[in-house]
1. Quick one: is Asn220 out of contact with any Ser or Thr (no Cβ under 8 Å at 6 or more places or on another chain), within 27 Å of Asp60 (Cβ to Cβ) and open to solvent by 30 Å² or more (accessible area, probe 1.4 Å)?
2. Of the numbered conditions (1) closer than 22 Å to Leu162 by Cα; (2) touching a helix residue (DSSP H, G or I) at 6+ places or on another chain (Cβ under 6 Å), Ser110 satisfies every one except a single condition; which is it?
3. Run down Gln314, Gln330 and say which single residue is out of contact with any Pro (no Cβ under 8 Å at 6 or more places or on another chain) and either at pLDDT 85 or above or among the polar types (S, T, N, Q) (or both).
4. In the range 344-383, how many are surrounded by fewer than 16 Cβ atoms within 10 Å (Cβ to Cβ), farther than 11 Å from Glu329 by Cα and modelled with pLDDT of 90 or more?
5. Hey, among Val65, Val83, which residue is closer than 29 Å to Asp274 by Cβ, touching a residue at least 40 places away in the same chain (Cβ under 8 Å) and out of contact with any strand residue (DSSP E or B) (no Cβ under 8 Å at 6 or more places or on another chain)?
6. With respect to Ile153, is the statement that it is assigned to a helix (DSSP H, G or I), touching a residue at least 40 places away in the same chain (Cβ under 8 Å), more than 26 Å from Ala66 (Cα to Cα) and hydrophobic (A, V, I, L, M, F, W, C) true?
7. Failed condition for Thr214, given (1) touching a Ser or Thr at 6+ places or on another chain (Cβ under 7 Å); (2) open to solvent by less than 40 Å² (accessible area, probe 1.4 Å), with all others met?
8. Need at least 2 residues that are among the acidic types (Asp, Glu) and touching a residue at least 60 places away in the same chain (Cβ under 8 Å) per element, so show me which strands (runs of 3 or more DSSP E) inside the range 258-373 make the cut, counting only ones lying wholly within it.
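The values are calculated or read from the model by the stated rules, or taken from the named source; none is laboratory data. Note that the coordinates shown come from a computational prediction; the quantities given were computed from them, not determined experimentally. Here the Cβ is made from the backbone with ideal geometry for all residues, glycine too, and neighbour counts use every protein chain on show. Each accessible area value is taken on the protein alone, full model and side chains, heavy atoms only, with ligands, DNA and RNA left out. Shrake-Rupley method; radii C 1.70, N 1.55, O 1.52, S 1.80 Å.
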Amino acid sequence: MKLTGQSFFQAITFGAALFASSQVSVAQEAPSGPMVSIAVAHTEGLVLEATFIGRGKAIDKVDIVARVSGFLQDFLVKNGADVKKGEVLFKIEPGTYAANLAARKAEKASAVAQLKLAQIELDRKSELLRRESGTVADRDIAQANFQVAEANIEIADATIQLAELDLSYTSVAAPFDGRIGRANPSVGELVGPTTSPLVTLIRTAPIYVEFSLTEKQLVNFLQVHDASLENLANGSKALDVFVSLPNGTQLEEVGHIVFADNRIDPATGTVSLDVEFPNDNGLIFDGSFVSLRIEDNAPTDALLIPQAAVQRDQRGDFVLVVGAEQTVEQRYVTLGRQDGVSVVVDDGLVEGEAVIIEGLQRVRPGVEVNAILAGSATSAEGN
């Protein structure tokens, strides 16, 4: 059973009913009026559902950019390939960065040697001062030179770390599992932080499907389910959500709302929600339009009558009701969604009342009729 999001929230407090035996008493002697067929309004519990149009949205999507400048040496995977976290995708010529790292290590070696000399000089000046053969000033200068040498070691360590980082950036790896698109540069092209991205990487599983509710739908939804946005998305109020692909195929996967925005967009009057699906088969794509079906967690009672009983005029929908005296009464009703050949009645009828479904053109309000339960052997012929 399908319905729009709007009718779902209007009918959310109801379930659906099936045809059952009549609860209207029918006179034992048939009146002299025209014969009509009737059906009885009954309630039955059904699981309500609503459908919405949603759009696939990757949980993680990133443009991979070269962090160092250089000529692109190699592209190690194919366009459109599925890749794993840490898998190397591109190689940038490393020679310049390897040489820079070697120079930084040599500078550290020099700084270590300078530190040793400073230590020897400090020890000598300290010993001379202890023997009263040197001055405090000489010892202090030696102490300062030693501290400078220590600082130079720290500087050398930092420059080595930077050089190692730069060298590591010549191997461009995937930051997470996903699928890459088409590579932008060609092998041999100069790339760097200011050039266009190397490629776009998208996480394909799991995936979000984003859809929107109007402000009225959202308020009705929360009131009906006695929920807040937080526990609707992450708590016990979470509803099962199913997805149908553009070709009409319904996936067996069950999704759940994992995010609801904290504000109404003033431009559209809607709030955005995300449903997460496992997407194990990769059939939901980032940017694709799909149909979402949301089901209640439990069935709800509703009042149901045949769609054939409903007529419409300028005032709205109405039915012809047969009362206890077998007379016809016109009754305006508020309808909810359809359920097969039947329709939910939100207001205007109560359980057990009989509505005419055949012979409508023969009667008018106030006329006495010969009412026969639809499907019985003596039901009215034709309309």
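1. no
2. Result: Ser110 passes all but (2).
3. Gln314
4. 4
5. Numbers: Val83 fails: out of contact with any strand residue (DSSP E or B) (no Cβ under 8 Å at 6 or more places or on another chain).
Of the residues listed, the single one that is closer than 29 Å to Asp274 by Cβ, touching a residue at least 40 places away in the same chain (Cβ under 8 Å) and out of contact with any strand residue (DSSP E or B) (no Cβ under 8 Å at 6 or more places or on another chain) is Val65.
6. Spelling it out, Ile153 is indeed assigned to a helix (DSSP H, G or I), touching a residue at least 40 places away in the same chain (Cβ under 8 Å), more than 26 Å from Ala66 (Cα to Cα) and hydrophobic (A, V, I, L, M, F, W, C).
7. (2)
8. 270-277
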